[in-house]
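Enquirer: Starting off with a structure, shown below.
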Amino acid sequence: MKQTGKKTGLIILASIIALLFLIPLAWMISTSFKNDFEAIAGGLNWIPEEFTIENYTYTLLGEEVDVPIFRWMFNSLFAGIAGTAIIVTIDAMAAYGLARLDVPFKKYLFPLFISTLMIPFVITFLPMYMQFSNMGLLNTYAVLIFPYTANAFGVFLLYQFFKSFPKELEEAAHLDGANKWQIFAKVVVPSARPILWTLAIFSFMQIYNDFLWPLVATNTPDMRTITTGIAIMQQGSFVSSYGKLMALTTIATVPILIVFLIGQKQLIKGITQTGIK
Amino acid sequence: MEEARLPMSKAKRDRRSKLTSFLFVLPYLAMFLAFLFFPLVYGIYISLNDYNLLSKEHPFIGFANYTRIFNPDSAMNALFFEGLWNTIKFVVFSVPLLVIIGLALALLLNSLPGRIRGLFRTIYFIPYAISVSVISIIFLWILDTNSGLLNNFLMSLGFDPVPWLTRQPFAWISLVGATVWWTLGFNMIIFINALNEVPEDLYEASSIDGASAWQKFIHITLPSIRPIMLFVVITSTIASFNVYGQPYLMTRGGPGDSTEVLLMGIVDLAFEQRELGMASAMALLMSLIMIGVSIVQFKISNRNQEGRKAR
C-alpha cells in the first residue's frame, strides 16, 4: 500500500518536471500560430484566439522581408550530411588501422589524436578563420564542413570498438584471400554498423546545431546556416515579431528533432560508451 | 599479415603492408593536420604578432600581447579579466546545478516503473537536440518582461513582473536556467548508465544490515559513481567555460557588461576591432585556464580517492 503511494508520488513528480521541459517547446509552437498583436499582448492563452498560419507563409514564401530559409536549411542539411559522411568514413578507416593494422608510428599517432580531445575549441577557431580567409574560402561549403572532420572523438569511439572486435572473422576472410581493403569493407564495416550510426548521429547533430563557428566563418545571407540565420533574423527584421521568430525556430527544430527521436538509442549508447571506461 | 603466395622478400612485404595500413590512417591524419594541428601552431604564432586585419603589416612582437593583458593599466587587461570573471561566475552558478540536478533526475528516472521510464527519459533529453540559437530565442520570448509567458504567469498569481534579462541577479538566473534546461539531459544520461552499473549485491548486503535509502545513497551509490561524477564535472565545466550563444542572444552581455563573458570579448576583439593577434593571445590563455581547471579537478578527485583508501 505504502509502496504504491510512493510510486504514484514519484510519477507525479516526474510528470511535473516533464511539463517544465515541454512547456517552452509547446509555447514556441503555440506562439508560432498567433499574429504579432496577440503575441505581444501577452496573456496565457495556449490556443491562439485567432489561429493563423501567416507566420509560416511569411517566413517560407517571403513577403516584404526575404528570408532565405530554404537556402539556410539546405546549407545546414548539406553540411551536416556531407560532414557526417566524411567523418564516418575517415574515422572508421583511421580507427581500424590504428586498432588492428601495422600502421607505422601508431604508438605515437593514437595518443596524439586523443590528446587533442582535451584542447578547447577556442584555441583553434581564430587561426582556422585566418586559414580559410587566406585561402579565400570563407562563405563556402568547405568552411562549413571540413573543420568538423578533424575532431578525434570518432576515432576514439571507434577505436574502442575495433579493439574488441573478434579476430576470427578477419582471419577467416584473410584465408579466403581477401586483402585489407576487402576485409575492411566486407567484414569489418558491416559488423560495425550500429556504432557507425552512433557516430553519424552525433556528428550530424554537432554540425547542424553548431553556432559560433558558422557565425564567424560566414557573413553572406546565402551561406548562413539555419542556426545562425535565425539569430540574424532575431537581431534584424524580426526583432520583436515573436510570432514569426517562433515559426522560424519551429521550422529549424523539426529536422533535428526527427533525427534525435529516431537515433535516440544510438545517441545514448554513444554517450555512455565514450563517457568513461 | 602474411602474404604467403607472393614471392617477395620479408622486408619488402613488410614495407608494402605498412604502406597499405598507413593509407587507412592517411585521410584522417590529413584533416587532423590541416584543421587541428596547423591551426594550433598558427594560433600561437598569430598571438606573437601585432596582427590587425586592417593593417598590411603584422610585425612580430614576441610576448607583447601577453604582457599587455597582464598590465593593469591596459584596456586589454580589463577586457580579459572582466570577461574571465563573468565566465567564471557562469561556471560557478551553472556547474553545480548541472551535476546535482542531472544526478537527481537520473535517480528519479531509475525509481520509476520500467514501462514509463523510457518516455520520461526521452522528454528530459529532448532539449539537448536543439541548437543554442533556438533555445536562446525561445527563452528570450518566454522571459520577455511585458509579453513573456513567465511574467504573465507570475502576474496572474498577483506578483509584479520581473526584469528577467535586464537586471541582476535575474539576468544570471535566466542564463543559467536556460542552460540547465538545455543541457541537463546529457548529464542525466551519463548518470543513468553509471547508476545501472553499480553492483546490485552491494545494495542487497546493506539492506540486510538495515541501511536506509539515504545511507545507501551516501555509502554505496556516491562512491561507486565517483569516476563518472568527475567526468560530468569536468565536461560540464568545459562546456560552461565555452558559453557564448546564450549571453550573446539573450542578454547581449548586459545589463551593463555584467554578462559579457570572455568568449564574447574575444570574438568582438577579433571580428569587430579586427585585433586577431590580441584575440588569439586571449583565446590561448583562456584555453590554458580551462585545461588547468580540468587538471585541478582531476587531482582533487584523485587525492580524495587516495585519502579514502588510506583510511
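The values are calculated or read from the model by the stated rules, or taken from the named source; none is laboratory data. Everything quoted here is computed from the prediction, not taken from an experiment. We place every Cβ from the backbone using ideal geometry, glycine too, and count neighbours over all the protein chains shown. Each accessible area value is taken on the protein alone, full model and side chains, heavy atoms only, with ligands, DNA and RNA left out. Shrake-Rupley method; radii C 1.70, N 1.55, O 1.52, S 1.80 Å.
Enquirer: Find the lysine pairs in chain B meeting two conditions, Cα atoms under 27 Å apart and a separation of 8 or more places or different chains, and report how many there are. Please report the intermediate quantities before stating the final value.
Expert: Values: B:K10/B:K18; B:K89/B:K299; B:K216/B:K299; B:K216/B:K309; B:K299/B:K309.
For chain B, qualifying lysine pairs total 5.
Enquirer: Rounded, prolate or oblate: pick one for region A:2-61, where a ≥ b ≥ c are the square roots of the eigenvalues of its C-alpha gyration tensor, a/c under 1.5 means rounded, and failing that, prolate if a/b is larger than b/c, else oblate. Show your work: numbers first, answer last.
Expert: Working: a/c = 4.63, a/b = 3.06, b/c = 1.51.
Here region A:2-61 falls in the prolate category.
Enquirer: On to the next question. Going by Cα centres, region B:103-129 and region A:172-204 are how many Å apart?
Expert: Comparing the Cα centres of region B:103-129 and region A:172-204, I get a distance of 33 Å.
Enquirer: Suppose every K and R has +1 on its Cβ and every D and E has -1 on its Cβ; what is the size of the dipole of region A:69-275 about the Cα centre, in Debye to the nearest 20? Please list the in-between numbers first.
Expert: Working: 13 positive and 8 negative charges, 39 e Å.
Taking the Cα centre of region A:69-275 as origin, the dipole is about 180 debye.
Enquirer: Loop-only check: which chymotrypsin sites (Phe, Trp or Tyr not before Pro) in region A:24-109 are DSSP coil with at most 16 other Cβ within 10 angstrom? Could the numbers behind the result be given before it?
Expert: Numbers: sites: A:W27, A:F33, A:F37, A:W46, A:F51, A:Y56, A:Y58, A:F70, A:W72, A:F74, A:F78, A:Y96, A:F105, A:Y108; in loops: A:F33, A:W46, A:F51, A:F105.
Loop-located and lightly packed - A:W46, A:F51, A:F105.
Enquirer: Same structure again: Which number gives the lysine pairs in chain A that have C-alpha atoms under 14 Å apart and are eight or more places apart or on different chains? Each step should come with its number before you reach the end.
Expert: Working: A:K34/A:K244; A:K106/A:K163; A:K163/A:K277; A:K167/A:K180; A:K269/A:K277.
The result is 5.
Enquirer: So with the 1.4 Å probe, I'd like the accessible area per residue for chain B, rounded to whole Å². Intermediate results must be reported in sequence, preceding the final value.
Expert: Details: 15070 Å² over 311 residues.
That works out to 48 Å² per residue.
Enquirer: Here is a follow-up. Based on the alpha-carbon gyration tensor of chain A and its eigenvalue square roots a ≥ b ≥ c, which shape applies: rounded if a/c is under 1.5, prolate if not and a/b is larger than b/c, or oblate?
Expert: Numbers: a/c = 2.57, a/b = 1.50, b/c = 1.72.
Cα axes put chain A in the oblate bin.
Enquirer: Scaled to the compact-protein estimate 2.2 N^0.38 Å, what is the alpha-carbon radius of gyration of chain B, rounded to two decimal places?
Expert: Normalised Rg, Cα atoms only: 1.32.
Enquirer: Report the Rg/Rh value for region A:140-277, based on alpha-carbon coordinates and the Kirkwood definition of Rh. Walk me through the intermediate numbers first.
Expert: Numbers: Rg = 20.2 Å, Rh = 17.9 Å.
Reported Rg/Rh (Cα atoms, Kirkwood Rh): 1.12.
Enquirer: Moving to a separate point now. Under a Cβ-only charge scheme (Lys and Arg +1, Asp and Glu -1), can you give me the dipole magnitude of the protein assembly as shown about the Cα centre, in debye to the nearest 20? Working shown, then result.
Expert: Numbers: 41 positive and 36 negative charges, 504 e Å.
That gives the protein assembly as shown a dipole magnitude of about 2420 debye.
Enquirer: Leaving ligands, DNA and RNA out of it, work out the accessible area of A:S237 with a 1.4 Å probe and give it in Å² to the nearest 10.
Expert: 70
Enquirer: Would you compute the Debye intensity of region B:136-235 from its alpha-carbon atoms alone, equal scatterers and no solvent, and pass along log10 I(q)/I(0) at q = 0.10, 0.12, 0.22 Å⁻¹ to two decimals?
Expert: For the requested q values the scattering log ratios are -0.51, -0.64, -1.05.
Enquirer: Now for a separate question. Calculate how steeply helix A:2-32 sits against the longest principal axis of the alpha-carbon atoms of chain A, using the helix alpha-carbon long axis, and give the answer as 0 to 90 degrees to the nearest 10.
Expert: Roughly 70 degrees between the two axes.
Enquirer: Please identify which residues in region A:36-61 have an amide N closer than 17 Å to a label point set 7 Å out from the Cα of B:N146, following the Cα→Cβ vector.
Expert: A:36-44
Enquirer: Heavy-atom accessible area of B:T235 with all protein chains present, probe 1.4 Å, nearest 10 Å²?
Expert: Using a 1.4 Å probe on the heavy atoms, I get roughly 40 Å².
Enquirer: For the B and A pair, go ahead and give the buried accessible area with a 1.4 Å probe, both sides summed, in Å² to 100.
Expert: In total, this chain pair buries about 8600 Å².
Enquirer: OK, next. From the protein chains alone at 1.4 Å, what is the descending order of accessible area for B:I295, A:I262, B:I61, largest first? Spell out each step's value before the answer.
Expert: Values: B:I295 85, A:I262 130, B:I61 60 Å².
Largest to smallest exposure gives the sequence A:I262, B:I295, B:I61.
Enquirer: Which sequence of B:L288, B:L97, A:L138, B:L108 reflects their accessible areas, 1.4 Å probe, from the largest down? Mind showing how you got there, number by number?
Expert: Details: B:L288 105, B:L97 75, A:L138 40, B:L108 15 Å².
So, going from the largest accessible area down, we get B:L288, B:L97, A:L138, B:L108.
Enquirer: Using a 7 Å offset from the Cα along the Cα-to-Cβ direction at both B:L26 and B:W85, what is the distance between the two label points in nm, to one decimal?
Expert: 5.5
Enquirer: Still on this structure, please answer the following. So for region A:209-277, what percent of the C-alpha to C-alpha distances run longer than 16 Å? Could you put the intermediate results ahead of the total?
Expert: Details: 1413 of 2346 pairs.
Beyond 16 Å sits 60 percent of the P(r) for region A:209-277.
Enquirer: How big is the dipole moment of region B:191-295 about its Cα centre under a simple scheme where the beta carbon of each Lys and Arg is +1, that of each Asp and Glu is -1, and everything else is neutral? Debye, nearest 20, please.
Expert: Numbers: 4 positive and 10 negative charges, 40 e Å.
Dipole size: approximately 200 debye.
Enquirer: Still on this structure, please answer the following. If one takes the longest principal axis of the Cα atoms in chain A, at what angle in degrees, from 0 to 90 and to the nearest 10, does the Cα axis of helix A:106-115 lie?
Expert: 20
Enquirer: Tally up the carbon and sulfur contribution to the accessible surface of region A:1-135 as a whole percent, 1.4 Å probe, everything protein left in place. Can you show the working numbers first?
Expert: Working: 4960 of 6780 Å².
The computed percentage sits at 73.
Enquirer: Okay, next question. Kindly report, to the nearest 10 Å², the accessible surface of B:E204 as traced by a 1.4 Å probe over protein heavy atoms only.
Expert: Estimated to the nearest 10 Å², B:E204 gives 100 Å².
Enquirer: Here is a further query. Between B:D209 and B:N304, what's the calculated FRET efficiency when r is the beta-carbon distance and R0 is 22 Å? Round to 0.05. Spell out each step's value before the answer.
Expert: Details: r = 25 Å, r/R0 = 1.12.
Calculated transfer efficiency: 0.35.
Enquirer: From zero outward in steps of 20 Å, how is the percent of C-alpha pairs of the protein assembly as shown spread across the bins?
Expert: 17, 50, 29, 4, 0
Enquirer: Here is a further query. If you count only protein heavy atoms with a 1.4 Å probe, what accessible area per residue comes out for region A:43-171, rounded to a whole Å²? Please list the in-between numbers first.
Expert: Details: 5840 Å² over 129 residues.
With all protein chains present, region A:43-171 gives 45 Å² per residue.
Enquirer: Carbon and sulfur: what percent of region B:164-291's accessible surface (1.4 Å probe)?
Expert: On the way: 3010 of 4880 Å².
After summing per-atom areas, the C and S share lands at 62 percent.
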